Amino acid sequence: MTDCLIVGFNDVDFASYVSDVRLMGTDSGAFRDLRLAYIDLDGRPLRALDALSHLRESPPGAPKPYFHNADFLWPVVTVLGSFLARRGLSVDFVNLFQHQREELREKLAGDVRLVAITTTLYVSPQPIIEIVEFVRRHNPTVSIVVGGPFITNQVAALKRPDLDAMMDYLGADYYVTGREGELALARLALALRSGTDPGDVPNLAYRADGDFVHTRTEIESNPLTELVDYQVFGPDAFNEFVTTRTAKSCPFSCAFCGFPQRAGKYTYLDVTHVERELDNIRKLPSVNTVTFIDDTFNVPKNRFRDILRMMIDKDYGFKWNCFYRSDHGDRATIELMSQAGCEGVFLGIESGSDVLLKQMNKTARRADYLDALAAFNEHGISTYASLIVGFPGETEETVAETVSLLDQGRPDYFRAQLWYCDPVTPIYQRRDELGIRGEAFNWSHRTMDWSTAAQIIDDLFVDVTSSVWLPQFGFEQWSTFYLQRKGMSGGQVKDFVRAFNGVLADQLRHPGGSAAQPELLDRLRRASQFEAVNPPGPAPSPVK
């Protein structure tokens with residue numbers, strides 16, 4: 001009997017997702033944000049890696065390669081699986097729901113007590129419902145539990161009757177309502193195995209006699225020092241890529257971000273435990289790329305420098321990428337990063353205007369970003385600048401400062417996103433002062449509205465040539481390193497993304513039809529061909 005079968009990421013059918021968002025209106029903020037991430041090709045909306053998979057030619061008799069943005073063992077699977085196994089529970093998993101449906105069906109035909117559905121990146125209920133319905137269809141008696149950020153966000157946002165209605169709509173049996181959830185999941189699995197009352201498990205909601213029972217709330221804070229046990233999953237579960245974290249939450253309080261409020265106090269591993277984690281990763285023979293998903297990997301500064309020196313001394317041999325705070329580093333630190341194997345950093349720049357950065361409660365300033373970009377470029381470390389357009393206080397002048405920062409700093413990649421008006425964020429508490437009206441992607445304030453901001457983003461996509469626009473939806477900065485491991489050079493990755501963006505820009509100019517100019521399509525087709533230095537191993541077939 002498997003105590004818990006963990007289901008990782010559900011990358012829902014993209015064509016259906018586009019259709020759903022289109023229902024909001026092609027002029028809505030949500031659709032316009034999404035529209036800058038896909039092209040229409042051969043009657044289908046394709047993201048960048050979808051287009052590469054579609055257009056890449058294979059030698060005669062060779063299987064067609066398939067490229068996917070989540071082509072690695074999902075970190076929530078490794079964290080939950082390790083936590084449960086340490087408590088004597090038997091664990092199984094399916095990493096990518098869409099590409100492992102048959103495998104999941106076979107596992108459900110066996111003896112499974114509990115299916116755990118994770119929700120790390122979900123912003124809508126549809127991916128959850130799809131998995132629940134699939135599990136019910138192939139094993140009507142197994143218990144289903146859903147937890148993670150989607151559920152905890154709903155708990156924070158909804159009143160009890162609405163929350164119960166939402167959980168009823170999702171269709172699972174149990175919901176982990178606490179902020180972390182590993183311990184609640186383990187306690188639930190143990191209760192189901194022993195036949196004891198789940199009502200004794202804190203931070204849980206479950207169906208009982210047609211209603212939902214909510215158990216007592218208890219703060220759950222699981223130790224970071226309990227590292228992932230990679231042996232639980234076996235070496236065949238890992239390819240070239242591992243994602244890890246050395247910290248929880250974020251020590252900053254940016255006005256546009258609700259993450260610290262949701263994630264709790266900022267805590268981090270000491271250097272000794274980071275070393276143990278990296279030693280364990282080095283034992284995985286296939287891994288050559290590590291992504292640190294800490295929001296602030298280089299904070300505090302002294303710890304980060306100690307980690308870098310340790311990595312240099314240990315000579316791990318893998319390349320790595322991370323988030324980087326530009327005002328908490330310097331050129332000497334960036335030189336150490338280069339020596340330690342760093343190949344790329346995510347920079348949450350947000351704006352090139354010091355006035356707006358102050359309004360955002362950002363601690364970094366324009367000069368910090370320009371100095372960091374110059375140093376990263378000098379050391380050949382790839383940079384991605386993440387920007388927000390439309391934050392309260394945004395004007396044509398502040399946008400111009402952002403464009404000049406891109407032109408001067410020349411990050412390798414950039415993406416500008418429409419400000420999302422989230423009631424959980426600190427800036428929303430000043431809504432009367434700033435004249436904020438509306439929520440989500442439909443907002444206005446004293447200096448701008450969402451429609452104006454969306455048009456500015458469209459203009460940035462077309463006009464900025466000093467940096468390459470990152471399509472982002474299904475193609476993150478990590479994808480650029482992924483493609484390099486699959487055989488592309490860094491220059492070829494940029495050529496491919498530019499070609500993809502060229503087709504997209506042409507289709508945006510001619511919204512009545514999906515066909516782009518033949519020379520642009522030919523350029524994209526040619527950019528999709530490359531000689532892989534290290535050909536990828538077997539890959540899952542795309543879902544038809």
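The values are calculated or read from the model by the stated rules, or taken from the named source; none is laboratory data. Note that the structure is predicted; figures quoted are calculated from it, not measured. With ideal geometry, Cβ positions are generated from the backbone for all residues, glycine too; neighbour counts draw on all protein chains shown.
Points to keep in mind about this one:
- So residue 26, is it polar (S, T, N, Q), surrounded by fewer than 19 Cβ atoms within 10 Å (Cβ to Cβ) and out of contact with any His (no Cβ under 8 Å at 6 or more places or on another chain): yes
- Selection status of residue 334, crowded, with 20+ Cβ neighbours inside 10 Å, over 24 Å from the mean Cα position of the chain (by Cα), within 27 Å of residue 75 (Cβ to Cβ) and in contact (Cβ under 8 Å) with a residue 12 or more places away in the chain: yes
- Subset of the range 71-86 (residues that are among the aromatic types (Phe, Trp, Tyr) and in a helix (DSSP H, G or I)): 83
- Among the residues listed as 173, 162, the single one being in contact (Cβ under 8 Å) with a residue 24 or more places away in the chain and among the charged types (D, E, K, R): 173
- Test result for residue 205, assigned to a helix (DSSP H, G or I) and more than 30 Å from residue 351 (Cβ to Cβ): no
- Looking only at the range 216-229, and only at residues there that are of a type outside the set (Asp, Glu) and under 18 Å from residue 269 (Cα atoms), the one that is surrounded by the most Cβ atoms within 10 Å (Cβ to Cβ): 228
- Qualifying residue in the range 450-464 (condition: over 29 Å from residue 500 (Cα atoms) and of a type in the set (Asp, Glu)): no
- Taking the range 270-300 as the range and being polar (S, T, N, Q) and in contact (Cβ under 8 Å) with a residue 60 or more places away in the chain as the test, the residues that pass are 288, 289, 291.
- Close pairs (6 angstrom Cβ cut-off, 6 or more residues apart or separate chains): under 14 Å from residue 149 (Cβ atoms) in the range 242-263, among the small types (Gly, Ala, Ser) and modelled with pLDDT under 75 anywhere: 249/263; 249/264
- Residue that is surrounded by 15 or more Cβ atoms within 10 Å (Cβ to Cβ), modelled with pLDDT of 95 or more, of a type outside the set (Ser, Thr, Tyr) and not in a loop (DSSP other than H, G, I, E, B), where the choices are 89, 52: 52
- Screening residue 12 on (1) outside any loop (DSSP other than H, G, I, E, B); (2) touching a residue at least 24 places away in the same chain (Cβ under 8 Å) shows it passes everything except condition (1).
- Residue check, residue 448 closer than 19 Å to residue 526 by Cα and buried (at least 20 other Cβ atoms within 10 Å of the Cβ): no
- Taking the conditions (1) assigned to a loop (DSSP other than H, G, I, E, B); (2) without any contact (Cβ under 8 Å) to a residue 24 or more places away in the chain in turn, residue 106 satisfies each one other than (1).
- Listed by first and then second residue, the pairs with beta-carbon distance under 8 Å, at least 6 apart or on different chains, first residue in the range 414-430 and closer than 17 Å to residue 31 by Cβ, second among the charged types (D, E, K, R), are 417/33; 418/32; 418/33; 419/394; 421/439.
- Taking the range 357-413 as the range and being crowded, with 18+ Cβ neighbours inside 10 Å, among the small types (Gly, Ala, Ser) and in contact with a helix residue (DSSP H, G or I) (Cβ under 8 Å, 6 or more places away or on another chain) as the test, the residues that pass are 364, 372, 375, 382, 385, 390, 393, 409.
- Of residues in the range 87-127 being in contact with a strand residue (DSSP E or B) (Cβ under 8 Å, 6 or more places away or on another chain) and among the aromatic types (Phe, Trp, Tyr), the one nearest to residue 21 (Cα to Cα): 97
- Scan of the range 139-179 for residues that are of a type in the set (D, E, K, R) and closer than 19 Å to residue 7 by Cβ, ordered by number: 173
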